[in-house]
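Input: a single structure, listed below in structure tokens.
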2 protein chains.
Amino acid sequence: MIPTKEEVIAAYNRVKPFVHQTPVLTSTLINNLTETELYFKCENFQKMGAFKMRGAINAIQQLSKAQQKSGVVTHSSGNFAQALSLAAKNLGVKAYIVMPSNAPQVKKNAVRGYGGIITESKPTLAAREKEANKIQNKTGATFIHPSNDTNVILGQATAAVELLKKHPNLDYVVTPVGGGGLIAGTALATHYLNPACKVIGGEPLGADDAWRSLQSGNIETNETASTVADGLRTNLGDKNFPIINKLVPEIIRVEETEIIAAMSLIWERLKIVVEPSSAVALAAVFKKKAYFRNKKIGIIISGGNVDLRNLPF
Amino acid sequence: MIPTKEEVIAAYNRVKPFVHQTPVLTSTLINNLTETELYFKCENFQKMGAFKMRGAINAIQQLSKAQQKSGVVTHSSGNFAQALSLAAKNLGVKAYIVMPSNAPQVKKNAVRGYGGIITESKPTLAAREKEANKIQNKTGATFIHPSNDTNVILGQATAAVELLKKHPNLDYVVTPVGGGGLIAGTALATHYLNPACKVIGGEPLGADDAWRSLQSGNIETNETASTVADGLRTNLGDKNFPIINKLVPEIIRVEETEIIAAMSLIWERLKIVVEPSSAVALAAVFKKKAYFRNKKIGIIISGGNVDLRNLPF
């Protein structure tokens, strides 16, 4: 049902030559504030600035030569658009990216900079899907979903593999929850490499579809998703939810002010640039301080792509 | 005349247990833009957020037990106040810090957080010196200058020792120039460990005392020092100038807009939080692009203590 340990290890070996082995940082002050031992796995230092590179590079490599020749296609206005473009470029494959017409110019430039071929669509999910479909039909490109794709999930698992190899005694790993690819991959890796370690999600209250999904046992969606953590507005899918439902015991919801405070603390004390989405995991640790007290906790810092002229603090 | 190789190595061994061996980061994009190979030595990740920790820890250790018992004193509103406080705390020594009464509350809190004992003075150099003098007379504490002290200079040298051990083939090391402690220490370490490598300074045009000092052969001062790089407004001194004059062939002056552009680029591409002063070294590389083309260049990122609510971009 869920991917095997062998598949996780194979993805790790497949992804390794194409990604940075990102550093793990610590802060005595943040440890003192949380009364825990925190290990920040810094995927903001990953190529293109986020963990999404891992899933993209794994998924493209799993295509046949014939499929690779026809290219890949996705729709995204965020990090996966850049990740698929750069991963495809590294593997000599064409990447077609459907972006909403209202996507910021800086994001379009980044995708183009990595060699992605952009098609603009109206800014609705239906329009984006239709446009991606048209490209598939016209070019034979393979559609790759940003988070609900088993090979993408296995690629995202490799960040936790690196973390757990370096720190085999963690009690918890906490990740933000958006589309579900990162937490599903992290849960898989942790399940196989350190079964005693629990994977917990952090999610904005303003987009708490994953929390509600764990409660109901079904995939719930956000009617509206209002949060500064713009990477976490998406819903889970049928490939990652079964993994999350089975392997993630809890998702912790946090307020917007808590996200911004955690983000600010990470910038100030770790001296690193992280996206609001990345701060949600640390905010979750603060939210349930008694629960985490004295534990060793890995935190996946998901990315660092943020508009410096438009910071929330 | 200038400190020996043995003194540099001894300082390295003395400082090592008390500081982070900070990482060296690279960016393909910034390499492409500058047409060089850049190696960023990230002292923003150092304890208390700047290289100044190194000089403070070395200087206090060089005091006799009796001197240590009476404590240390300095006047600073910047990173050295925090560095001396934390270094003293680590060594079980009292640190008296004279700060101008108009220093930001956040800086006073940081010094107090590291255990420094603050005395406020009027915000003039004369008033600060007088206050420090009074504390010396009253407590027997030893005055330690933030940059014009041989043991401080030897401590600052240890960042370059780490860099050159890891990257022995650099053609240049570029540092910002403020009070002169960092560039003098870097020049010493480089002179002994890689004599073929040149140490170059970057300095704001609005506080170009070091550039003028190299021209005249005497210590020149800034009548007014107007620059966003607030760590670089100070003048050289009689301990560090002879080293700089002998071992630093060139100082490159940069405009304010160039400092801010370089700072913004470092944040965006390296995903790290750095002070404006730190960006001056990269700005200098951009300024003399033809001179540095195709060279391997170490850049000392001096620190990351910056007010996130008051960024220059």
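Taking the Cα centre of chain A as the origin and placing charges on Cβ (Lys, Arg +1; Asp, Glu -1), which of A:Thr186, A:Gly206, A:Pro17 is farthest toward the positive end of the dipole? Farthest along the dipole direction, towards plus: A:Pro17.
With label points set 7 Å from Cα along Cα→Cβ, the inter-copy distances at A:Arg309 are 2.4 nm, sorted shortest first. Among A:Gly113, A:Gly298, A:Gly55, the residue with the largest mean-square fluctuation in a Gaussian network model of chain A, with springs joining Cα atoms closer than 10 Å, is A:Gly113.
Counting lysine pairs in segment B:53-143 that sit 8 or more residues apart in sequence, or on different chains, and whose Cα atoms lie under 18 Å apart gives 16.
How high is the relative contact order of chain B, in percent, with contacts defined as C-alpha pairs under 8 Å that are six or more residues apart? Worked out over chain B, it gives 21 percent. By the Cα gyration tensor, chain B has an equivalent ellipsoid whose semi-axes, rounded to whole angstrom, run 29, 21, 18 from largest to smallest. Annotation: amide H of B:Val174 within the under-5 Å range of B:Ile200, B:Gly298, B:Ile299, B:Ile300, sequence separation 5 or more or interchain, hydrogens built in the peptide plane. Specify the angular offset, from 0 to 90 degrees and rounded to the nearest 10, of the alpha carbon long axis of helix A:79-90 from the longest principal axis of the alpha carbons in chain A. Tilt relative to chain A: about 60 degrees. If only the Cβ of Lys and Arg carry +1 and only the Cβ of Asp and Glu carry -1, the dipole of the protein assembly as shown around its Cα centre is close to 1080 debye. Per residue of A:299-306, other chain Cβ atoms within 10 Å of the residue Cβ number 2 on average. Counting from the shortest, the label point at B:Thr124, 7 Å from Cα toward Cβ, is 7.1 nm from the same position in each remaining copy. Note on B:Lys288: lysines with a C-alpha under 27 Å away, same-chain residues under 8 apart excluded, are B:Lys41, B:Lys165, B:Lys166, B:Lys198, B:Lys246, B:Lys271, B:Lys296.
Largest to smallest in accessible area, the residues B:Lys69, A:Lys134 fall in the order B:Lys69, A:Lys134 (1.4 Å probe, all protein chains included). Accessible area of B:Trp211 (1.4 Å probe, protein heavy atoms only, ligands and nucleic acids ignored): about 70 Å². Highest mean packing comes first when the peptides A:43-52, B:101-110 are listed by Cβ atoms within 10 Å, giving A:43-52, B:101-110. The figure for A:Val93 is an accessible area of roughly 20 square angstrom, using a 1.4 Å probe on the protein chains alone. Largest first and in whole Å, the equivalent-ellipsoid semi-axes of segment B:53-143 read 20, 15, 10, each the square root of five times a Cα gyration tensor eigenvalue. The residues packed around A:Thr150, meaning those with a beta-carbon under 15 Å from its beta-carbon, carry a net charge of +1 if Lys and Arg are +1 and Asp and Glu are -1. Taken residue by residue and averaged, Cβ atoms of other chains lying within 10 Å of the Cβ of A:36-47 number 1. Annotation for A:Lys16, label-to-label distances across the other copies: 2.9 nm (shortest first, one decimal, point 7 Å from Cα along Cα→Cβ).
Peptide B:263-269 has a mean of 3 when you count, residue by residue, the C-beta atoms of other protein chains within 10 Å of its C-beta.
Ratio of Rg to Rh for segment B:117-215: 1.09 [Cα atoms; Kirkwood radius as inverse mean 1/r over pairs].
Please give the solvent-accessible surface of B:Ser226 in Å², to the nearest 10, using a probe radius of 1.4 Å with every protein chain present. That residue has around 80 Å² of solvent-accessible surface. Relative to the first principal axis of the alpha-carbon coordinates of chain B, what is the inclination of helix B:181-193, with its axis defined by its Cα atoms, in degrees from 0 to 90 and to the nearest 10? Relative to chain B, helix B:181-193 is tipped by roughly 60 degrees.
Values of log10 I(q)/I(0) for the protein assembly as shown across q = 0.12 Å⁻¹ run -1.19, by the Debye formula with one identical scatterer at each alpha carbon and no solvent. Using Cβ point charges alone (K and R +1, D and E -1), the dipole size of segment B:53-143 about the Cα centre works out to roughly 140 debye. What you get for segment A:1-111, charging only the Cβ of Lys and Arg (+1) and of Asp and Glu (-1), is a dipole of about 640 debye around the Cα centre.
The values are calculated or read from the model by the stated rules, or taken from the named source; none is laboratory data. Not measured: the values here are computed from a predicted model. Every residue, glycine among them, receives a Cβ derived from its backbone with ideal geometry; neighbour counts consider all protein chains shown. Note: areas computed on protein heavy atoms with side chains; ligands, DNA, RNA excluded. Shrake-Rupley method; radii C 1.70, N 1.55, O 1.52, S 1.80 Å.
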